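This report concerns only the one structure given below.
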Number of protein chains: 4
Amino acid sequence: MPTRRDEARALFRNAILDAAEAVIADRGFHAARIHDISERARIAVGTVYNHFRTKEDVLRALLEERSEGLRRELMPVPGEPESFEKKLAVRLSRVLAYVDRHRSFFLVALEHGLFGAASATAEATLHGKPVRQMASVKGAIAALIQEGIAAGALVDEDPARLTRFLTGTMKGFILGSLQAGLPSIQGETPVIVDLFLHGAARSPARRKR
Amino acid sequence: MPTRRDEARALFRNAILDAAEAVIADRGFHAARIHDISERARIAVGTVYNHFRTKEDVLRALLEERSEGLRRELMPVPGEPESFEKKLAVRLSRVLAYVDRHRSFFLVALEHGLFGAASATAEATLHGKPVRQMASVKGAIAALIQEGIAAGALVDEDPARLTRFLTGTMKGFILGSLQAGLPSIQGETPVIVDLFLHGAARSPARRKR
Amino acid sequence: MPTRRDEARALFRNAILDAAEAVIADRGFHAARIHDISERARIAVGTVYNHFRTKEDVLRALLEERSEGLRRELMPVPGEPESFEKKLAVRLSRVLAYVDRHRSFFLVALEHGLFGAASATAEATLHGKPVRQMASVKGAIAALIQEGIAAGALVDEDPARLTRFLTGTMKGFILGSLQAGLPSIQGETPVIVDLFLHGAARSPARRKR
Amino acid sequence: MPTRRDEARALFRNAILDAAEAVIADRGFHAARIHDISERARIAVGTVYNHFRTKEDVLRALLEERSEGLRRELMPVPGEPESFEKKLAVRLSRVLAYVDRHRSFFLVALEHGLFGAASATAEATLHGKPVRQMASVKGAIAALIQEGIAAGALVDEDPARLTRFLTGTMKGFILGSLQAGLPSIQGETPVIVDLFLHGAARSPARRKR
DNA sequence: TATGAATGAGAGTTCATTCAT
DNA sequence: CATGAATGAACTCTCATTCAT
């Protein structure tokens, strides 16, 4: 049972993470000064350090939180459709809705390996210490792929490759859509699913989608 | 006709860029100190500044150079196959060979928007000044997509979306393969082309590839 | 009502300005490193930057402060003598006492235009940004001259010229006395006033003063 | 007899000094880069170092040259008037004509003690090494004062004080006039002489001059 | 001797982190 | 625990000087 004190702590923690998300999304991790973050949260710099050991820890906590959010959206939910394609669409749609809710920060999050494959800069920034939840996201995606293979819905290709293909496709659409300023990335779900499953080639069977 | 002096200049410039590529790939842009770069190039710090105005300019020059390299590999070459699929495979193969030649730096380059969609950090780092050649790469990819559509080889979808799909797929495989430590990304070409064109869904016609 | 915190701020600010005055007087502005100043004030370098935006700003603040001090001494004070000569003597005496209190820094201050006419170096150093209070000093001197003319005590010459004459005379004595190491410049007041008013020519009426 | 080689050397030396005068007058000594000077002289930086040991030496040579020029103008010339006042006027006029010929540099020269009393900055810049000819200028002025005292034309005051008074007056007018942008400082000679000799006080005998 | 690129010590400034209040 | 000023290591960039050509 959380005490009043615990609740206060959580309040501060959240305020800091919100501020950090906005500032880091805006300027990138390196240009984001702790001072900026504390100012946006309307608290003192020292207070940030009462809740996080280092600036880097703030970023890591943020990534944990977003990873956890993503992972949740990727998990099965009661009442999901049976067919893999529909299930994929449903889950992807939830994921992209989540991305839409944290739009700008995802530019940063992706760079830091949210779907796997962090940049060198990111690695250096986090001193190589892994973000726990990030592994779960990868795991959840890999599990989804496995499911598809097991169900016979996906080609019997090396799962690692299919995972790269799926994350690449998702990232391509997320980044592209953010950059293009699309109001909703979630809206792209059908296209993404279709391209991921059936590719970009024209075939007699698929005229226009 | 380049004089001896011009040659010397180019020599230094290249040495600096090579050193910068290695150091930045290794530690990321921010952790890479000019001092590290000059040390690796076995020259003095000041010499770096005789060739580049700022540290940021070194990165930009590097991105220009790699972009230009990529663009070149994407351009048509005499004697290319007629069919779009084969042409795509040939070009992609060349591009990936280039990536293989500059493996580790591509982790950095991608983050800085080499195929479009730079991260917030990258934007901040470059102060929003665009890397000229990077636009050409995007253009070359878009042109390739257009070609495919015109030839009737690709679905009649919004070209911007197909571009996101292609770049996403490429980036997914490049990053994934780098991270996995695959010896050659070029070797992935057939899989990439196949997935891009025909998707990941199992179909009666495609058992195993 | 100044809070404890405001007092602390002022304490630091003064310590910095005192240290800067000493160091700059000793080595000149360019040779004075921020590190020297902070060391003399027994604080950290960063602290200097918590109180002043740039090194240049420290100098400017110092000049403002000394200018303000000078201006104050030049202002009328209740109970001053009526006659212009005596009034001039009284004010000049106050001014020179102030100079005595900040002896060595005045070498720097004069060079930076404390009585008008900054050197090229000074202009460049301050980036042409004017020191507000310095204008007031010039104004106070000009006012004094005007007063003398109006009172019929000074020749009816172009006031700008008389101002140059007065400031030149003052600066000549200040610099000369400082260089000669005179213990008190204030003690020169009578000579200065006499020479300023009656010149250096021998006349039947003035044997020795 | 100067050989062709000597002439060439002198040509370079002069070109450098001319360029240095202009650049230093414009930006002050510290902001004047050797590179700027060599560029203005249309020669290479290295060449400057073939003629002067250090940047500081260039300044010193410049000051020597201007000091020597001033000293020359202060020396007696055949056919000068007998009366001290007229002699003073004649010499001062020559000096001010020289100043006019090197207008802007004098802002710098004065600061570096051309008439005595260098600023702290100047002392630091020249590392305390004296400029030989500068002593001669002071000597020539002191001699002039002595002459006036001996002739009974000046009050029997401490010569050092009268020297400070004269140099102060001259510097006041030079700086003031330069700053005011007067086209000719030489034209001020009569006023300067009059004020120096008879002061600024109105007396029954002197209505308007 | 003129050249101008290479050199590297040095300086100003920033900002994550600490800690007394 | 919140505060925010103090701290000082670290980093980029400058520029007087050198030296191979």
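The values are calculated or read from the model by the stated rules, or taken from the named source; none is laboratory data. All of these numbers come straight from a predicted model, not from anything done at the bench. Counting neighbours? That spans all protein chains shown, and the Cβs are built from the backbone with ideal geometry, glycine included.
Values computed for the structure shown
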{"item": "Conditions (1) more than 15 Å from DNA strand F (Cβ to nearest atom); (2) under 21 Å from A:THR125 (Cα atoms); (3) not in a helix (DSSP H, G or I); number of the one not met by B:HIS30", "result": "(1)"}
{"item": "Count - residues of region C:150-159 that are surrounded by 15 or more Cβ atoms within 10 Å (Cβ to Cβ) and assigned to a helix (DSSP H, G or I)", "result": "1"}
{"item": "Evaluation of B:GLU73 against (1) touching a Ser or Thr at 6+ places or on another chain (Cβ under 8 Å); (2) closer than 15 Å to B:VAL137 by Cα (one fails), failing number", "result": "(1)"}
{"item": "Any hit, region C:176-185, residues being more than 7 Å from chain D (Cβ to nearest Cβ), farther than 21 Å from D:ALA118 by Cα and either touching a helix residue (DSSP H, G or I) at 6+ places or on another chain (Cβ under 6 Å) or aromatic (Phe, Trp, Tyr) (or both)", "result": "no"}
{"item": "Residue count, region D:118-143 (criterion: touching a Leu at 6+ places or on another chain (Cβ under 7 Å) and more than 18 Å from D:GLU65 (Cα to Cα))", "result": "2"}
{"item": "Any chance B:GLU73 is more than 12 Å from DNA strand E (Cβ to nearest atom), in contact with a helix residue (DSSP H, G or I) (Cβ under 6 Å, 6 or more places away or on another chain), farther than 30 Å from B:GLY199 by Cβ and not hydroxyl-bearing (Ser, Thr, Tyr)", "result": "no"}
{"item": "Which numbered condition B:HIS30 misses (of (1) closer than 19 Å to B:SER104 by Cα; (2) more than 14 Å from chain A (Cβ to nearest Cβ); (3) in contact (Cβ under 8 Å) with a residue 60 or more places away in the chain)", "result": "(2)"}
{"item": "Hits in region B:148-171 - residues which are in contact with a Phe, Trp or Tyr (Cβ under 6 Å, 6 or more places away or on another chain) and under 22 Å from A:PHE84 (Cβ atoms)", "result": "B:THR169"}
{"item": "Selection count where residues are more than 14 Å from every other protein chain (Cβ to nearest Cβ) and either basic (Lys, Arg) or more than 11 Å from DNA strand F (Cβ to nearest atom) (or both), scope region B:4-27", "result": "14"}
{"item": "Region C:22-48, subset buried (at least 16 other Cβ atoms within 10 Å of the Cβ) and more than 20 Å from D:HIS30 (Cβ to Cβ), residue farthest from DNA strand E (Cβ to nearest atom)", "result": "C:ALA22"}
{"item": "Tally of residues being polar (S, T, N, Q), within 13 Å of chain A (Cβ to nearest Cβ) and assigned to a helix (DSSP H, G or I) across region B:110-149", "result": "3"}
{"item": "Filter result for the condition that a residue is touching a residue at least 40 places away in the same chain (Cβ under 8 Å), within 18 Å of D:GLN179 (Cα to Cα) and in a helix (DSSP H, G or I), over D:LEU107, D:LEU88", "result": "D:LEU107"}
{"item": "Condition met for C:ALA201 (over 21 Å from the mean Cα position of the chain (by Cα) and facing chain D (nearest Cβ under 9 Å))", "result": "yes"}
{"item": "Residue check for A:THR163: of a type in the set (Ser, Thr, Tyr) and either closer than 17 Å to B:GLN179 by Cβ or not in a helix (DSSP H, G or I) (or both)", "result": "yes"}
{"item": "Test result for C:GLY79, assigned to a helix (DSSP H, G or I), assigned by TED's automatic domain parsing to the domain that holds C:VAL99, out of contact with any Gly (no Cβ under 9 Å at 6 or more places or on another chain) and under 28 Å from C:SER93 (Cβ atoms)", "result": "no"}
{"item": "Odd one out for C:ALA89, checked against (1) away from DNA strand F (no atom under 16 Å from the Cβ); (2) at pLDDT 95 or above; (3) within 14 Å of chain D (Cβ to nearest Cβ); (4) over 23 Å from C:ALA153 (Cα atoms)", "result": "(4)"}
{"item": "All positions within region B:91-104 that are in contact with a helix residue (DSSP H, G or I) (Cβ under 6 Å, 6 or more places away or on another chain) and either without any contact (Cβ under 8 Å) to a residue 40 or more places away in the chain or assigned by TED's automatic domain parsing to the domain that holds B:GLY28 (or both)", "result": "B:ARG94, B:TYR98"}
{"item": "In region A:36-70, the residues that are more than 14 Å from chain B (Cβ to nearest Cβ), within 16 Å of DNA strand F (Cβ to nearest atom), touching a residue at least 40 places away in the same chain (Cβ under 8 Å) and not aliphatic (A, V, I, L, M)", "result": "A:HIS51"}
{"item": "Residue in region B:178-195 that is of a type in the set (Ser, Thr, Tyr), assigned to a helix (DSSP H, G or I) and in the same structural domain as B:ASP100 (by TED's automatic domain parsing) present", "result": "yes"}
{"item": "Residue in region C:115-128 that is buried (at least 19 other Cβ atoms within 10 Å of the Cβ) and modelled with pLDDT of 85 or more present", "result": "no"}
{"item": "Members of region C:22-55 that are at pLDDT 95 or above and among the acidic types (Asp, Glu)", "result": "C:ASP36, C:GLU39"}
